[in-house]
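Taken together, the values in this text are just the output of simple stated rules run on the coordinates, not laboratory data. Quick caveat: nothing in here was measured; it's all calculated off a predicted structure. Virtual Cβ from ideal backbone geometry, glycine too; neighbours counted across all protein chains shown.
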Amino acid sequence: MRKDQERESEFVDRLVHINRVAKVVKGGKRFSFAALVVIGDQKGRVGFGHGKAREVPEAIRKASEQAKRQLIRVPLREARTLHHDVKGRHGAGKVILRAAPPGTGIIAGGPMRAVFETLGINDIVAKSQGSANPYNMIRATFDALQNVDSPRSVANRRGLKVSELQARRSDAGVDA
């Protein structure tokens, strides 16, 4: 029980959206709620979940449980921003995530802001194009985050050292 509470407390969860749905039955309307929750440890892990129930707290609990099962790890530069710019899409929702210098803050719309805050990103510029549906925006953001590569993984893939890769990056900046 104690370990469960410790593990529980390491995660920060944010309620992004609640949708009330009515089903018309013989006696009138029967309401149900759908909750969209983002959960993260503010150290590079984040997940989202969708839960449906007759009461709001139960829907939120279900969404949080699903989010914990779907956590992904995102490599961060200096534990504050992304390593490079990246695009993501889901359905009609398109997002552009850009790495930003220190002090920029989180410049992003509602659902994306919740993802970045729970992920632990402090400096990022994000733009959502297309769908304003929170579900599509979150899924497009996660699509983009899954495409983020760290210099270490790129160096391993190319059979180089990270220092060689960084040296090439600074040489390319001089040419430009």
- Query: For Ile124, which sequence-distant residues (separation of 5 or more, or a different chain) have an amide H within less than 5 Å of its own amide H, given hydrogens modelled in the peptide plane?
  - Reply: Gly105, Ile106, Ile107
- Query: Using the alpha-carbon atoms, what tilt in degrees (0 to 90, nearest 10) does helix 56-69 show relative to the longest principal axis of the chain?
  - Reply: 30 degrees
- Query: What is the percent of Cα-Cα separations in the range 63-119 that go past 16 Å?
  - Reply: 53 percent
- Message: Using 0.36 nm times the number of residues separating Arg168 and Ser32, minus their current alpha carbon distance, what extension gain do you get?
- Response: 43.4 nm
- Task: Scan around Gly93 for amide H atoms under 5 Å from its own, H built in the peptide plane at 1.01 Å from N, and keep only partners 5 or more places away or cross-chain.
- Result: Ser131
- In the chain, lysine pairs 8 or more places apart or on different chains with C-alpha atoms under 15 Å apart total 5
- Item | Area projected by the alpha carbon convex hull of the range 18-176, averaged over all directions, nm² | 11.6 nm²
- Task: Could you work out the local net charge near Gly110, counting Lys and Arg as +1, Asp and Glu as -1, over the other residues with Cβ closer than 12 Å to its Cβ?
- Result: +1
- Of Arg98, Arg54, Arg73, the one that fluctuates the most in a GNM where the chain has Cα springs shorter than 10 Å: Arg54
- Alpha-carbon radius of gyration plus Dmax, which is the widest Cα pair, for the range 1-103 in Å: 17.6, 59
- Report, in cubic angstrom per residue, the convex hull volume of the C-alpha atoms of the range 101-141. 60 Å³
- Note on the structure: Once both label points are put 7 Å beyond Cα along the C-beta direction, the Gln129-Lys68 separation in nm becomes 3.9 nm
- Chain lengthening between Arg54 and Asp85 when straightened (0.36 nm per residue, less Cα-Cα): 7.1 nm
